[in-house]
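The values are calculated or read from the model by the stated rules, or taken from the named source; none is laboratory data. These numbers were taken from a predicted model, which means no experiment stands behind them. Using ideal geometry, Cβ is built from the backbone for each residue, glycine included, and neighbour counts are taken over all protein chains shown. For accessibility, only protein heavy atoms count, side chains too; no ligands or nucleic acids. Shrake-Rupley method; radii C 1.70, N 1.55, O 1.52, S 1.80 Å.
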Amino acid sequence: MAVRRPLVGPGATLRTDGLSVGYRGTPLISDIQVEVPPGTVLALIGPNGSGKSTILKTVARLLAAIDGTVRLDERVVADLSGPELARQLAVVLTERLKTELMTCRDVVATGRHPHTGRFGILSADDHAVVRRSMEVLHAWELRDQDFRQVSDGQRQRVLIARALAQQPRIIVLDEPTAFLDVRYRLELLAILRHMARKAGITVVMSLHEVDMAQKVADLVMCVKGDRIHRIGTPAEIFTDGGVDELFDVDHGSYDPLFGSLELEPPPGEPQVFVVGGDGSGIPAYRALQRAGTPFVTGVLHRNDVDFHVGSRLAGEVFATDPFEPIGRPVLDAALDRLRRCRAVVAGLERFGTLNAGNRELLDEAARLGLPVVADPADL
């Protein structure tokens, strides 16, 4: 039995040296220095209009560099012929592709043109690559449909299949997850991650979903204003406050631990005390935040998931050190705060050695006659 050659790989090293990008001779971003080895996923993140697409178009030679160079391995991209560049690099942009009477399979087949002869006639092997590319993107069932008539998400999958059919060493994608629902968004990113890891292809893409960049990328480039704000690994980029600074977030925050965006705490004097722990408080935090009800929470250990979410949504968090029993000072402070609330939400059903002190909070609420509920909707 014949062994099928992998669709893509091995990748190439992408390197920019003193690269300046922009339009009509005016630099938008200058002195871009980055090296992306084979098998690496580089994600560009940043505010809308910051220049991510301009960088990608310049890398793909759809825009001329204002200054500096882009290299694939040691070859300057500007010196490559069109067919040669197309055999090395594939690009998927957000612009609409203009087609007339082309099926989805026809569109994907155009990705084989860099590999065909001067007459552009596809061989049996070319057709096999087209089919495999569409199957990988779950687009084969669309093969006979008019490309203009499919949905935005289906169109995106077809365009990425076309790029895959080029069998490139580098693939450049501008917001590839745009228009895709959750299932296909996750599948696409998993496919790109797999191609980078197993086939060694180099992936360069911009992403709107900052949380997905944190999960899928090996390197992250933060683009802001007229400069590259930072380049580094996800661990280096997604620090507490790093995303907030990049996007000038002032009505909420990004939680790098969970990769989630959180709205700001409800304003006003806290009215509810949430006794949580071990994740039991998070549903109450979110329900109270949606209702605009200010609240406090505790006593939580600082390694508890409730502590991380509560620190972003609660007006105040009463906390203690990990793996230590709740001490008297923090418990007394929590009791004092509880006495100024009008109700208590008790997410916990069991108490152990380390959080036994929280029983006093519920006992005090009962002594005061405060309503104690498990669901904020019952308040």
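Among PHE295, GLY259, GLY25, which residue has its Cα positioned farthest towards the positive end of the charge dipole of the chain, with +1 placed on the Cβ of Lys and Arg, -1 on the Cβ of Asp and Glu, and the dipole taken about the Cα centre? Value: GLY25. For region 71-205, a simple Cβ point-charge model (Lys and Arg +1, Asp and Glu -1, everything else neutral) yields a dipole of about 240 debye relative to the Cα centre. Between VAL34 and THR16, the built amide H atoms are under 5 Å apart, and every one of these is 5 or more places off in sequence or on another chain. Counting other C-beta atoms within 10 Å, and keeping those with at most 14, which DSSP coil trypsin sites (Lys or Arg not before Pro) do you find in region 247-305? Passing sites in region 247-305 are ARG302.
Suppose a student asked you for the relative contact order of the chain, using Cα pairs under 8 Å spaced at least 6 residues apart; what percent would you report?
Numbers: 758 pairs, mean separation 58.8, N = 379.
The normalised contact order for the chain reaches 16 percent.
Listed by chain and number, the lysines whose alpha-carbon sits under 29 Å from that of LYS198, ignoring those within fewer than 8 places in the same chain, are LYS52, LYS57, LYS215. Dipole magnitude for the chain: about 1620 debye, using +1 per Lys or Arg Cβ and -1 per Asp or Glu Cβ, origin at the Cα centre. A 1.4 Å probe run over the protein chains yields, for region 1-155, 52 Å² of accessible area per residue, whole-number rounding. So if I place +1 on the C-beta of Lys and Arg and -1 on the C-beta of Asp and Glu, and nothing else carries charge, what would the dipole magnitude of region 237-289 be about its Cα centre? I want it in debye, nearest 20. In total the dipole reaches around 300 debye.
Look at the dipole of the chain built from charges on Cβ: of ALA365, ALA86, PRO47, the Cα furthest out on the positive end belongs to ALA86. Nearest 10 degrees is fine. How inclined is helix 152-165 to the longest principal axis of the chain, computing both from alpha carbons? So the inclination is approximately 50 degrees. Accessible surface of the chain, 1.4 Å probe: 52 percent of it comes from carbon and sulfur atoms. Measuring spread by the Cα atoms of region 1-115 yields a radius of gyration and Dmax of 16.1, 57 Å. When the inverse distances between all different Cα atoms of the chain are averaged and flipped, the Kirkwood radius reads 23.8 angstrom. Compute the Rg to Rh ratio over region 136-213 from the alpha carbon atoms, using the Kirkwood formula for Rh, and round to two decimal places. Ratio value, two decimals: 0.95. For region 104-156, applying the loop criterion from DSSP together with a ceiling of 13 other beta carbons within 10 Å to the trypsin sites (Lys or Arg not before Pro) yields ARG118. Taking every protein chain into account, the accessible area of region 236-276 amounts to 49 square angstrom per residue (probe 1.4 Å).
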